[in-house]
Ligand code: CMP
């Protein structure tokens, strides 16, 4: 089942020089491709649309500040079962709970600065792909 998912390398990943490391892991998955990719600084409007479901939660405002704190890399990743596969590659939200071998398990310690976003299902992938790459 070929799918597309939306991935964001968050400002901490870019600042720490982990772009190549993370994209390398994606490229090494058999058959997965990156049909679109861009370095961008996200504006408040895009972030509000992306994180709308978290509005009102205690971590929402600091998350918005963090996500606007520097450039991110937004990517479309395409391939076999890529929605579930990217979530596995990235690991669970809390990096300390993430197994070694996953991106968050290998490089993360802080819940907010957890390096990577990947769409969590088919519906969110569709919505997020439209938001970040409307022309695709
Ligand atoms: P992600 O799962 O990509 O999308 C929601 C983000 O909110 C999550 O990554 C973290 O960056 C952040 N987040 C979620 N829960 C918390 C929390 N309890 N404290 C701080 N940040 C959080």
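The values are calculated or read from the model by the stated rules, or taken from the named source; none is laboratory data. For clarity, every value in this text was computed on a predicted model and none was experimentally measured. All Cβ positions, glycine included, derive from the backbone under ideal geometry; neighbour counts span all protein chains shown.
Structural remarks
- Neighbours by Cβ (under 8 Å, 6+ apart or cross-chain): first from the stretch 1-27, closer than 13 Å to residue 41 by Cα; second away from the ligand (no atom under 16 Å from the Cβ) and assigned to a strand (DSSP E or B): 14/39
- Restricting 90, 14, 76 to residues that are within 23 Å of residue 134 (Cα to Cα) and surrounded by 14 or more Cβ atoms within 10 Å (Cβ to Cβ) narrows the list to 76.
- Flag for residue 43 being surrounded by fewer than 16 Cβ atoms within 10 Å (Cβ to Cβ) and free of Cβ contacts under 8 Å to residues at least 60 places away in the same chain: yes
- Residue among 63, 9 that is touching a strand residue (DSSP E or B) at 6+ places or on another chain (Cβ under 6 Å) and either at pLDDT 95 or above or over 24 Å from residue 109 (Cα atoms) (or both): 9
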